[in-house]
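Visitor: What follows is a single structure, and I will ask about it in a moment.
The values are calculated or read from the model by the stated rules, or taken from the named source; none is laboratory data. The structure displayed is predicted, hence computed values, not measured ones. Because the Cβ atoms are built from the backbone with ideal geometry, glycine has one as well, and the counts that use them run over all protein chains shown.
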Amino acid sequence: MSVEARLAQLGIELPLTQVGSEYYGTKYGKMKPYYEHGKLLLLSGQTAGLEPNGEARFTGRVGGSISVDDARQAARLTGINCLAAIKNAVGDLDRVVGIARVLNFVACDSAFTEPHLVASAMTDLFVEVFGEEIGVAPRATIGVVSLADDYCFETWVTVEVA
């Protein structure tokens, strides 16, 4: 089954605002949405994105003003934004042969010591979409004091493409 067919089966629609001047990350400074080198595609930081009014989605610190469940929703939505960014960069998600590396940042209160629970929601999405062999990546998750616009989750993904 193609990745597009899996997405349809899962009821996932990819957002269109991930490429060129429409990449929401440029709100935070000069950056490209991605960089491609050989078989590697490096995505700029991805988040849950912006509400239609331009405000950040899923803000706050886990263990404080946002629950683990809501932060997991943010991580899943961030993963969907990553999929859209990959598709916009390489044209076809079936070209993905591996998630090479994932670095996650979870904004959390100092007493919260389980940021991996949040990040696992994005990994779970990648496994649903690509399967275990492609969707599970080498990964690190770091709890941080804050992220731009008070997002609770941000990721940096490197993908191998055919």
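Visitor: Can we say I66 is under 20 Å from A5 (Cα atoms) and of a type in the set (V, I, T)?
Guide: no
Visitor: Let me ask another. Out of (1) without any contact (Cβ under 8 Å) to a residue 40 or more places away in the chain; (2) within 11 Å of G98 (Cα to Cα), what's the single condition that is false for H116?
Guide: With respect to (1) without any contact (Cβ under 8 Å) to a residue 40 or more places away in the chain; (2) within 11 Å of G98 (Cα to Cα), H116 is out only on (2).
Visitor: Restricted to segment 18-39, and to residues that are part of a loop (DSSP other than H, G, I, E, B), closer than 12 Å to A89 by Cα and not basic (K, R), which residue is modelled with the highest pLDDT?
Guide: That would be P33.
Visitor: So, one more: For segment 44-59, does any single residue satisfy the condition of being in contact with a Cys (Cβ under 6 Å, 6 or more places away or on another chain) and either within 20 Å of V157 (Cα to Cα) or without any contact (Cβ under 8 Å) to a residue 40 or more places away in the chain (or both)?
Guide: Yes, because at least one residue in segment 44-59 is in contact with a Cys (Cβ under 6 Å, 6 or more places away or on another chain) and either within 20 Å of V157 (Cα to Cα) or without any contact (Cβ under 8 Å) to a residue 40 or more places away in the chain (or both).
Visitor: May I ask you to verify whether L42 is aliphatic (A, V, I, L, M), modelled with pLDDT of 95 or more and surrounded by fewer than 17 Cβ atoms within 10 Å (Cβ to Cβ)?
Guide: For L42, the condition - aliphatic (A, V, I, L, M), modelled with pLDDT of 95 or more and surrounded by fewer than 17 Cβ atoms within 10 Å (Cβ to Cβ) - is met.
Visitor: Which ranges mark the helices (runs of 4 or more DSSP H) fully within segment 45-162 that have 1 or more residues being in contact with a Phe, Trp or Tyr (Cβ under 9 Å, 6 or more places away or on another chain) and surrounded by 21 or more Cβ atoms within 10 Å (Cβ to Cβ)?
Guide: 68-90, 115-130
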